[in-house]
Each structure stands twice: as C-alpha cells, then as structure tokens.
Amino acid sequence: MTKESEILQYLHYHPSSSRSEIEAGMHMKESPATVKRLLASLVQSKSAIVSGQGRATRYSVSPQAHITMELNIDTYFQKETDEREVQTAFNFELINDILPQVEIFTAEEKERLAGLQAQFTKNLEGITPTEYRKEMERLGIDLSWKSSQIEGNTYSLLETEKLLREKQTASGKTKEEAVMLLNHKDALDFVLAEPEYFQALSVRRIEELHTLLVKELDVDKGIRKRRVGVTGTNYRPLDNEHQIREALEDTCRLINSKENVFEKALLSLVLISYIQAFADGNKRTARITSNAILIANNCCPISFRTVDSVDYKKAMLIFYEQNNISAFKKIFIDQFAFAVQTYF
C-alpha cells in the first residue's frame, strides 16, 4: 500500500484532520515538505478535499475515494464488531447523491473488463445453441451451489449437480437445502427465458426474482414490514416499508442511468444486499439480479465458484459499515475473469 493510500485510510477514520494531526496520528517519519507534497497530490487527484487556510487547513477523503479507495481488510476485521467505527444507519445520500457522481471502475479496470468481455464474445463465435445451453447449465450449477453455500447450505458441488440434473437429493441434508438450490435454477431459467426483460431494472422485477428464490421456503414474500438485523455487524437496515421501497426504486433508477454494464451489475450486487428489502434471501436475489443484467447485455454471467465465502461476507460488511466498494469490486472483477476463462 502506498503512502498516499495510508494517508487516505487515516483520513477515512479521522475526517477534517490537519497536517500536524495526520503526521502525529500516523507517526510519520517523512519531512513536513514530503507530507505537504503527498497531501497536495491527493487533493490534485481529487482523492482528498481541503478546507480552511493556513493553520486552519483541514483534509478529508473525497466522496469518490470514500467509495472506491482500498481499505485494509485484515486490519479492519482485527477489531470485534462492537469495536469497529461504523456507519450504523442507512446512508440516505449514498444512492441519490454520492453514487451518481462516482466512477466505480478505474480506466485500467474498465479496460480489463472490456478485454475479458471481448474474449467472451470471441468464445461464443460458432457455438451452437445446444453447446450454449450446456455451458449455461454448467455455470448455473456452479452458481446455485456457491450462492447457496454463502448462505450456509451444506450441499457439495457434486451433490448439487446430481440434484439439479437428476433431481436426486443428498442423504443427510434438509429439504430446505434442496429447495434453495432448485430455486436458484428456476430463477436462472426465468432470466434465460427472456433475457431482454432485465435490460431495465425495476422493483417489480427484483421482487419476481426474490419470489422464485424463496419459493416453498419459510420466508415472507414482498417488501418486509418489520425490522431485520444483519449478523456480524452493527449496521441497521431501514425498517420502514415505504422507505425500503423508495430505496429500491432509487437503486433501479441509479442502475438504469449508468452506461457501463459492469457498473450496473456491481451496483445491483451491493445495493440490493445493503437495502435488505426482504425478510431473507437478499444476497441471493442480488446475485441473480446482477447476472440477469449481465445476460441481458450479452455479457458473461458470473458463478462466483472460486470466491471464498468468508471473503465475500467481509467485503459485504465493509460496504454495509463504510460504504466502501473496493473489496467487493475486486471479487467482482476476479470472478468475471474466472467465468470468461472457465465457461463457454
């Protein structure tokens, strides 16, 4: 991590700090002239904003950097849940005021994603409809397995394959685990039956996917009407049904306004989870919705097969607590690369 990144991390947790406070708080050994140069560079790159003059000069992280700057996850999670400095309440400014102005991906990241997508398009050249369906089925099995595993499902990948292809349930597993996996298949089949349906996102379409994913499970359908907690964090999602629906509507408007399909897909992953609009199944709904957007735009869908479940949850908690997307963005890019190189 560069010295500039270290300064940004300090400012993230200590906004409106003076140069002397930064030097003392970070125990910096650099000369005052070097620190001045580093701060000036951060301001010039629009990663930091400055207020005041002279001795009253203060530095803070810019909204762009707050969302996208790299945070040290290992250091962050060394602190227990109650010891972490977090934004406990839903950030009403995030969706309507901050994210519309933020460039989620750097130029280099956009170039990498575009290159991977070009490789996927080339992979599809000459592929027959039968071959395409077989590869999509293979990806769908991996996605159903990993998405369910993240939620605590104990089916193995092989057991999942037998269930989805042969309807053979695994011994020693609960009926609910099998239903969860089968529901993933139904939701993905729904997307594939009419991909263009998800060219534009709406609350109704998100609810339709959620309904499929929780079918025959003991989960209330529709926007939740009571409070819900998130394990492992002091972040508290909205508890007002009307505010929840409004947040979802704002999210759809934001996603539909973005030109870059990968921004659309990534934002759906984190924001549907962040809002926690449903009593259960929010992250599952987010993953299928994100893939629906990719498929609707002729992009390679993501199975998440090689992501570590703990890393996924930590990246999500960072977004809940800090509204920082860096860790989750890395997962998204890495898993998109894996999908392009593995399927079709």
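Filter segment 76-94 down to the residues that are outside any helix (DSSP H, G or I) and among the acidic types (D, E), then identify the one that is modelled with the highest pLDDT. So, considering only residues that are outside any helix (DSSP H, G or I) and among the acidic types (D, E), the one modelled with the highest pLDDT is E80.
Does I73 satisfy being modelled with pLDDT of 95 or more and among the hydrophobic types (A, V, I, L, M, F, W, C)? So I73 fails the test. Restricting to segment 122-166, and then to whatever is small (G, A, S) and assigned to a loop (DSSP other than H, G, I, E, B), can you tell me which residue is surrounded by the most Cβ atoms within 10 Å (Cβ to Cβ)? Per the stated criteria, the residue is S156. Within segment 273-291, being out of contact with any Lys or Arg (no Cβ under 8 Å at 6 or more places or on another chain) and hydrophobic (A, V, I, L, M, F, W, C) holds for I275, A286, I288. Scanning segment 132-152 for residues that are without any contact (Cβ under 8 Å) to a residue 60 or more places away in the chain and more than 25 Å from the chain's Cα centre (by Cα) yields R133, K134. The set of residues in segment 40-84 being in contact (Cβ under 8 Å) with a residue 24 or more places away in the chain, exposed (fewer than 12 other Cβ atoms within 10 Å of the Cβ) and among the acidic types (D, E) consists of D82 alone. Scanning segment 31-75 for residues that are of a type in the set (A, V, I, L, M, F, W, C) and either at positive phi or in a helix (DSSP H, G or I) (or both) yields A33, V35, L38, L39, A40, L42, V43, A56, A65, I67, I73. Criterion applied to Q276, Q199 was being touching a Pro at 6+ places or on another chain (Cβ under 8 Å) and touching a residue at least 40 places away in the same chain (Cβ under 8 Å), and the one residue passing it is Q276.
Of the residues making up segment 95-117, just one is acidic (D, E) and part of a loop (DSSP other than H, G, I, E, B), namely E103.
The values are calculated or read from the model by the stated rules, or taken from the named source; none is laboratory data. Not measured: the values here are computed from a predicted model. As a convention, Cβ positions derive from the backbone with ideal geometry for all residues, glycine included, and neighbour counts pool all protein chains shown.
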